[in-house]
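What follows is a set of notes on a single structure, which appears directly below.
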Amino acid sequence: MEPTGQELVGFWDWVASRGLMNANSAQGLGTACKRILAVEENWEQLDVSTLDVDALIGRFSRLKAKDFQPGTLREYGKRFRLAHASFLEHVRDPEGWTAPRRERQSGVPNGRRAERDAQDVGAKAPSASQMPEPPAMDARSGKMIVYPFPLREDIVATLTVPRDLTVSEATRLGRFINALAIDAETACAA
């Protein structure tokens, strides 16, 4: 019996439920699989071992170009490729399979990465005069630092944190901010 689209999508729920990788990451892979496979009729029964992945992602991108920004389409394609390959690896060798690891771009400073990403979607990176001022001490307590963060081309968010922010607190804050996000995946899943 060949692996199906339904099994591919369900696999990532299983990975998350077993704690084999971060649940949000596994859910993101499963969502990408479901969205991309959904451009095919009867995707649930589709034999995913014989898929032309590039053609399927191209079809998804063409059909959904008006629904998503180019960066989102690219991310879905990237996640689908990773999820599909990893799933097939698990089908071939369940005992030797390991969950995919997230690749980090540790060699690229954040400012250059943001500039490259902005250019990638056709937007201009902010000029030096448009950049927010460097972090300043909060005049009220002296124990807090205010960080402006260029979130989008026309929006600068402000984050105020303790000067002695711990890793544990930063992790909690990151999870809280993730919970606030409303994006295409979340909105369509509801």
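Under the simplified labelling scheme, the ARG163-ARG74 pair shows an inter-label distance of 4.0 nm, with each label point 7 Å from Cα along Cα→Cβ. Computed from the Cα positions only, the extents of the range 5-103 along the three principal axes stand at 40, 26, 19 Å, in decreasing order. Would you be so kind as to identify which of TRP43, ALA32, ALA65 lies farthest towards the positive end of the dipole of the range 1-71, taking Lys and Arg as +1 and Asp and Glu as -1 on Cβ and the Cα centre as origin? Final value for the positive-end residue is ALA65.
Quick note: the coordinates plus some simple rules give every number you see, no bench work behind them. Computed from a predicted model, the values in this text were never measured in an experiment. Here Cβ is always computed from backbone atoms with ideal geometry, including for glycine, and neighbour counts include all displayed protein chains.
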